[in-house]
């Protein structure tokens with residue numbers, strides 16, 4: 001039996017799978033993983049989290065930017081009804097540039113609306129950190 005690949009190995013894939021309520025696989029994407037350009041970090045792509053937005057029938061996979069210096073994350077969006085991939089989104093690019101030093105801590109659906117609540121951690125130079133909430 002072969003040993004499993006190391007966490008920093010380029011072996012393996014990053015899989016995104018959409019499964020129906022009945023258990024049928026509707027979509028199975030495989031993305032080849034590559035070594036990170038940064039020491040002591042996981043191979044890319046690297047998931048930060050997943051959330052479901054039932055109001056929009058969307059599944060979102062939060063994926064870190066392979067360039068850690070940018071501090072971005074990309075949202076890989078999927079329509080859960082048709083099981084098709086939707087255009088990707090980089091949330092940080094949709095906020096005022098003065099807040100782009102922030103990091104997304106969490107994102108959740110605001111039930112009954114098409115909105116998503118995002119909790120950001122802000123650090124701006126020598127000032128104390130803070131948070132912004134944006135729907």
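Counting the residues of segment 68-85 that are modelled with pLDDT under 90 and either more than 26 Å from residue 41 (Cα to Cα) or touching a helix residue (DSSP H, G or I) at 6+ places or on another chain (Cβ under 6 Å) (or both) gives 1.
Within segment 82-111, being under 15 Å from residue 29 (Cβ atoms), under 16 Å from the mean Cα position of the chain (by Cα), in a loop (DSSP other than H, G, I, E, B) and in contact (Cβ under 8 Å) with a residue 24 or more places away in the chain holds for one residue alone: 86. The single condition among (1) in a loop (DSSP other than H, G, I, E, B); (2) modelled with pLDDT under 90; (3) more than 18 Å from the chain's Cα centre (by Cα) that residue 132 does not satisfy is (1).
Every listed requirement among (1) within 28 Å of residue 122 (Cβ to Cβ); (2) modelled with pLDDT under 85 is met by residue 9 save one, (1).
The values are calculated or read from the model by the stated rules, or taken from the named source; none is laboratory data. Not measured: the values here are computed from a predicted model. So basically every Cβ, Gly included, is an ideal-geometry build from the backbone, and we count neighbours across all protein chains shown.
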